[in-house]
1. Taking strands (runs of 3 or more DSSP E) that do not extend beyond segment 38-102, which have at least 2 residues that are out of contact with any helix residue (DSSP H, G or I) (no Cβ under 7 Å at 6 or more places or on another chain) and at pLDDT 90 or above?
2. Being part of a helix (DSSP H, G or I) and either surrounded by 22 or more Cβ atoms within 10 Å (Cβ to Cβ) or in contact with a helix residue (DSSP H, G or I) (Cβ under 7 Å, 6 or more places away or on another chain) (or both) is the filter here; which residues of segment 171-183 pass it?
3. Might you check whether a residue that is closer than 30 Å to residue 161 by Cβ and out of contact with any strand residue (DSSP E or B) (no Cβ under 9 Å at 6 or more places or on another chain) occurs anywhere in segment 48-59?
4. Identify all residues within segment 137-170 that are surrounded by fewer than 20 Cβ atoms within 10 Å (Cβ to Cβ) and under 25 Å from residue 105 (Cβ atoms); write none if there are none.
5. Given the conditions (1) surrounded by 15 or more Cβ atoms within 10 Å (Cβ to Cβ); (2) in a helix (DSSP H, G or I); (3) in contact (Cβ under 8 Å) with a residue 24 or more places away in the chain, report the number of the one that residue 208 does not fulfil.
6. Can you tell me which residue is nearest to the chain's Cα centre (by Cα) among those in segment 114-135 that are part of a loop (DSSP other than H, G, I, E, B) and surrounded by 15 or more Cβ atoms within 10 Å (Cβ to Cβ)?
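The values are calculated or read from the model by the stated rules, or taken from the named source; none is laboratory data. Every value quoted in this text rests on a predicted model; they were computed, and no experiment measured them. Neighbour counts run over all protein chains shown; Cβ positions are idealised from the backbone, glycine included.
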């Protein structure tokens, strides 16, 4: 938590935030980009709202930010109010109250960043790319149940692109993927857990924890990367690897 230190009288100081914005906006602001995770951002626009009443006071600064890394635009708010007070101790052990500053971002940056190869999926199938993007959007907004359902739907689309009949059950799809060589028995068992988790979220009201979502998206990423991008990567590598020189014929 952060805030402005209070006076020794235990009456918290007011934040030095003006009701009017300065003539010149600050160049930089601490941020948290939802796209790449960068903490550096440029300030595009700001707006301040304040309340000053004998019983309560507070302010909120709304900022439009542009990421200093990937140039993504996003939103930040910083606020305090006189009802939200915490305490810290000085070098003499004296408790000093201070206003707590609350910071929020939208869209919220997820602890799990999308893989670097996500954008390449749209060249394979735009719907598949959109579904996987929706998974990370749901995770970024603490929508665990929706993220789990979206993962199951993403697998469903991937199986269809690999030539599996979309009318089959999930169990039959896994069996078909194994029979045509897209997955082995170990991967079948792993993907079965992923699908069952998505079904539990969709039909049994299960809400996975952040750690469980992390495990689920790791399984899904591995399946998608190997199924749709690994062959292209290996072909590109093969083209760049120097060919073995033929041995001269012995005379």
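1. Working: elements: 40-52, 57-67, 73-81, 85-89, 95-99.
The strands (runs of 3 or more DSSP E) meeting that bar are 40-52, 57-67, 73-81.
2. Listed by number, the residues that qualify are 173, 174, 177, 178.
3. Filtering segment 48-59 down to residues closer than 30 Å to residue 161 by Cβ leaves none.
Looking for residues that are closer than 30 Å to residue 161 by Cβ and out of contact with any strand residue (DSSP E or B) (no Cβ under 9 Å at 6 or more places or on another chain), one finds none in segment 48-59, hence no.
4. Answer for segment 137-170, where residues must be surrounded by fewer than 20 Cβ atoms within 10 Å (Cβ to Cβ) and under 25 Å from residue 105 (Cβ atoms): 137, 141, 142, 143, 144, 145, 146.
5. Every condition holds for residue 208 apart from (2).
6. 114
For every residue, the table says whether it meets (1) under 29 Å from the mean Cα position of the chain (by Cα); (2) surrounded by 19 or more Cβ atoms within 10 Å (Cβ to Cβ); (3) within 18 Å of residue 107 (Cβ to Cβ).
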{"residue": "56", "(1), (2), (3)": "no, no, no"}
{"residue": "59", "(1), (2), (3)": "yes, yes, no"}
{"residue": "70", "(1), (2), (3)": "yes, no, yes"}
{"residue": "74", "(1), (2), (3)": "yes, yes, yes"}
{"residue": "80", "(1), (2), (3)": "yes, yes, no"}
{"residue": "83", "(1), (2), (3)": "no, no, no"}
{"residue": "90", "(1), (2), (3)": "no, no, no"}
{"residue": "93", "(1), (2), (3)": "no, no, no"}
